[in-house]
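Participant: Have a look at this one before I ask anything.
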Amino acid sequence: MNAVLDNFLVGVLLLASVAYAVYKLGPRALKRRMLQTMSSALAAAPGFFRLRRVAQKLDAASSGSAPGACGGCDNCGTESSSEPQSSSADIKIPVAKIRRRTSAL
């Protein structure tokens, strides 16, 4: 009986890891569909599991996208950027001045 339970748990964990990989690497439409499916499945669960709040959060996550690229301030890319200034770390040496090193040994 323990072998059956062990195999079942390993199968569930493998299925969860594959679902996570598909969620992270998949297209946005697939992510949205997966969140909607999980939300509806959790909403249909019996009340004593107390999964209603989790289902509502998943439903909210599947319905909309983040306001900005990072999901934060909603003004990503709207600032006017000035020309990149060259830093003092850039050193320009003409190719003609570069010589071959001679070994000191």
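FYI, it's all coordinate maths here, none of it is from the lab. Keep in mind it's a predicted model, so treat the numbers as computed, not measured. Reconstructed Cβ throughout: ideal geometry from the backbone, glycine too, with neighbour counts over all protein chains shown.
Participant: Give me the lysines in straight-line cross-link reach of K31: C-alpha distance below 21 Å, same-chain residues under 8 apart excluded.
Facilitator: Partners within reach: K57.
Participant: Going highest first, how would you order 94-103, 20-29, 33-42 by mean Cβ packing within 10 Å?
Facilitator: Final packing ranking: 33-42, 20-29, 94-103.
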